[in-house]
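Notes follow the structure.
Just so it is clear, none of the values below were taken in a lab; they were calculated from the coordinates. Quantities reported herein were computed from a predicted structural model and do not represent experimental measurements. Counting neighbours? That spans all protein chains shown, and the Cβs are built from the backbone with ideal geometry, glycine included.
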Amino acid sequence: MRGNLPAQPELRDRVILRMYGSPDVRQIDGVGGADPLTSKLAIIGLPSREDADVDYTFAQVSIDEPLVDYAGNCGNISSAVGPFAIDEGLVEPTEPTKTVRIHQTNTDCILVAEVPVVNGKAAVEGNYHIDGVPGTGARIDLDFSDTAGAVTGHVLPTGKPLDRLDVEGVGRIDVSVVDAGNPCVFVRARDLGLEGTETPDQIDADRALNERIERIRGTVAAEIGFVETWSDAARKSPYIPFFVLVSPSADYVDFTTGRTVAAQDVDFVARLLFMLRMHKAYAVTGTVCTGAAAKIPGTIVHEAARPASRDRSLTRIGHPAGVIDIDADVRFDEGVQLVRASVGRTARRIMEGHVFVPRSTWGSG
């Protein structure tokens, strides 16, 4: 809860870093899991907006830098906010489903969670499966449509669905920059000499490739005003924008199970990088952005998508651990409007207790 952390930002961040054991690549002296996916925090409080049931602030805790990044959001963390609010008595439970309106303070937008409820508590058991997550659980539907342009003010921050940029050390390259869920930079995999079906280990091990990716991502970050120069992005804005490699649908192997993901089961293939590493599955906020981009003619995602998928709301994204789908609807009445962006998730309480922070961390702050 928000009241359990210091109100003063610098001290709050110092305490969070100590909780997670950062900076340290192993995070051995803290609760972090030495992976960007397991170095995140949700700060929950009573609502500061009349149209919300609860406030939620997302924090991405850097592993190897003394940095807590509040620039964007995380969909998986968002999925647990509704159940937490119900179980903690912050909202009245309603069976069989409770609608929880979540004020996402990082972007000042509203997320709408449809949470199944059993016996006055958020349901845990169910048959909904997420590729990349073992087992099944009760399905939670999250609508991110209010996040369109939430970070930059525009769904298309550059004003165009496709830009050709001159990137230092890379040359001229096509990019699509879209802001929904979280801002993303989309690039054709083939433009970087890739098939698009590579595994996380293959991408992360290629230092030269990652340098080119960061130069492109950093150049876009500078173009849309996140940083002054591309070289500042890794230090000052490592979380957003996300970077996505896009390619047409193809057969490939799910690196977590060894099963084949068939080309016919996806509308295109994507590989997403955040915090300077490749995501081992696919970020939910990146799914929102990718789903929106797939519906906008002229983007690299729309170009790669199966023609039949462009006219239906459901978009199936092939990622390293399987498939994630999103129900997205974009309209063009007055610019680009994201009217629906719904993703299925699961969440459950694993543990509760206390994290002990050494007295010296609190200092005089």
Long-range HN-HN contacts of Val117 with modeled amide H, under 5 Å: Thr97, Lys98, Ala123
Per-peptide average of other Cβ atoms within 10 Å, ordering 8-19, 77-88 highest first: 77-88, 8-19
Per-residue HN-Hα couplings for region 117-133 [Karplus 6.51, -1.76, 1.60; θ = phi - 60°; Hz; x = Gly/Pro]: 10, 9, 6, x, 10, 4, 5, 10, 6, x, 10, 7, 10, 10, 4, x, 10
Reachable lysines, given that their alpha-carbon falls under 18 Å from the alpha-carbon of Lys295 and they are not under 8 places away in the same chain: Lys160
Those lysines that a straight Cα-Cα span of less than 24 Å connects to Lys98, excepting residues fewer than 8 apart in one chain: Lys121
Cysteines in the chain lacking a second Cys C-beta under 4.7 Å: Cys74, Cys109
Globularity index of region 262-336, i.e. its alpha-carbon radius of gyration over 2.2 N^0.38 Å: 1.08
Cys109, Cys289, Cys74, Cys184 arranged by Cβ crowding within 10 Å, fewest neighbours leading: Cys109, Cys74, Cys184, Cys289
Reference-scaled alpha-carbon Rg (2.2 N^0.38 Å with N residues) for region 243-306: 1.12
Bins of 10 Å from zero: percent of alpha-carbon pairs in region 163-341: 10, 41, 36, 12, 0
Assigned charges on the beta-carbon of Lys, Arg, Asp, Glu; the chain dipole about Cα centre (debye): 340 debye
Förster radius 56 Å - calculated FRET efficiency between Arg340 and Ala205, Cβ distance, rounded to 0.05: 0.90
Nearby lysines by direct alpha-carbon distance to Lys236 (threshold 18 angstrom, same-chain neighbours under 8 apart not counted): Lys40
Pairs of alpha carbons in the chain whose separation is greater than 39 Å (percent): 12 percent
